[in-house]
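First comes the structure, then the notes that go with it.
Every number here is computed from the coordinates shown, using simple stated rules; none is lab data. Note that the structure is predicted; figures quoted are calculated from it, not measured. Cβ placement follows ideal geometry from the backbone for every residue including glycine, while neighbour counts extend to all protein chains displayed.
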Amino acid sequence: MKPIKILDRYIIGKFLGTYIFAIVLILAITVMFDINEKLDAFLKAPLKATLFDYFLNFLPYFANQFSPLFTFIAVIFFTSKLADNSEIIAMLSSGMSYPRLLRPYMISATVIAVATYLLSAYIIPPANVERINYTNTYVKNKRVEYGANIQLQVDKGTIAYMSRYDNNTKTGYKFSLESFKDKKLTSRLTAQTIRYDSLHHWQVRDYMIRDFKGTREEIRRGAKLDTTIAIEPRDFLISKNDQETMTTPALDEYISRQKDRGVANIKNFEIEYHRRFAMTGAAFILTVIGMSLSSRKVKGGMGVNIGIGLVLSFSYILFMTVTSTFAVSGYTSPAVAMWIPNIIYAVIAVVLYRKASKG
């Protein structure tokens, strides 16, 4: 690996410094709008909860969500300034090639990409639990507390059903658990109620178990039975933004488990999973676009570059939002939907880079 030289450190410092400045500036504006929008909720909530449960978790969440925008703005702003001061012309005139000039940009983009992924994959999801709990308690409750006609596959050949489930009391009603072997029913447990206790631990009441052994049938009844069933309420009570509270490994495991159970309502979870990787890749693509656009002096100066940069960055975020609706509607897979913007903007990046390098 080639050593990082003084010029590299200079550009990296400018890049990351401007990136952090853009985040602080836009977050300050966002906080003001958010306070204005949720003022009633903030007034009735404890100040400690507002500061530590909401804002302390909201700010990194928002910053990470719009990391591509901040990256693009940072590149456009400081590179346009370097170009206006003829610093880039001096670098290229000294014999530095355009690919060599790109190197410190890509190092900076790597730092941002790694930070973005680690935040979205491991750090922000646990923090989102507190943030979402706060908004559900003091702003608007979006928890799903009830379910009806719930049916899902517990394991291969085992199907569970509840006519109704109340998450406030952790109780399901008219429960059945059927086991099949070679498409033949081998046993059936029915219960008037079933209560969730802890991880995979349930208690059934007023139950009957019927075991089918050839032409014989054995029946057992009881008032109460503790049992282990490999399901939990979050498998069938899916609230808005639940996917944002899971780390990437947990999200991957959840998606695989739900697919095995035949649960169809997991598009948002798949979109979130692939979005985290796509956002990481966006740091490199938007850095190349921003550098290619602003490394040459243009008529109109820095303002033109910043205007073009804002249009492209906002169009990228808008495009990603639009393509995610394609996945929700079933027109394309979540993976394809999340990577379509990156593929298109990668082509734009290559075209702009070649044009800029030819001067």
Task: Within region 134-157: backbone nitrogen closer than 20 Å to the N168 label point (7 Å, Cα to C-beta) - done: 134-150
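For K5 and T325, what is the calculated FRET efficiency with R₀ set at 45 Å and r taken between the beta-carbons, to the nearest 0.05? Don't jump to the answer; show the numbers that get you there.
Numbers: r = 46 Å, r/R0 = 1.02.
Once the sixth-power term is evaluated, E becomes 0.45.
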Open item on the list: Compute the angle between helix 124-134 and the longest alpha-carbon principal axis of the chain, please, reported from 0 to 90 degrees and rounded to the nearest 10.
Closed with: 70
- [ ] Return P(r) of region 267-359 (all Cα-Cα pairs; 5 Å bins starting at 0; whole %; ordered from short to long distances).
- [x] 2, 14, 22, 20, 15, 11, 8, 5, 2, 0
Task: S239 long-range amide H proximity, modeled H, under 5 Å - done: V144
Open item on the list: Net charge within 12 Å of V263 by Cβ-Cβ distance, Lys/Arg positive one each and Asp/Glu negative one each, not counting V263 itself?
Closed with: +2
- [ ] Using 0.36 nm per residue of separation minus the Cα-Cα distance, give me the extension gain between E145 and L47 in nm, one decimal.
- [x] 32.6 nm
Open item on the list: Just to confirm the number: angle between the C-alpha axis of helix 98-118 and the first principal axis of the chain, 0 to 90 degrees, nearest 10?
Closed with: 30
TODO: Just need the relative contact order of region 146-234 here, percent rounded to a whole number, with Cα pairs under 8 Å and 6+ apart.
DONE: 20
Open item on the list: Taking 0.36 nm per residue of sequence separation and subtracting the Cα-Cα distance, how much length would be gained by fully extending the chain between V347 and N85, in nm to one decimal?
Closed with: 91.4 nm
Task: Distance in nm between pseudo-label sites at I123 and Q65 (7 Å out along the Cβ direction from Cα) - done: 1.8
Task: √(5λ) per eigenvalue of the Cα gyration tensor, region 3-64, largest first, Å - done: 35, 12, 7
- [ ] Show which lysines lie in cross-link reach of K224 when reach means a straight Cα distance below 23 angstrom and same-chain residues fewer than eight apart are skipped.
- [x] K170, K174
- [ ] Report the semi-axes of the equivalent ellipsoid for the chain in whole Å, largest first, where each axis is √(5λ) for an eigenvalue λ of the Cα gyration tensor.
- [x] 53, 24, 15
Task: FRET efficiency, 1/(1 + (r/R0)^6) with R0 45 Å, evaluated for K358 and I20 via beta carbons - done: 0.85
Open item on the list: If I fit a long axis through the Cα atoms of helix 6-37 and take the longest principal axis of the Cα atoms of the chain, what angle between them do I get, 0 to 90°, rounded to 10?
Closed with: 50
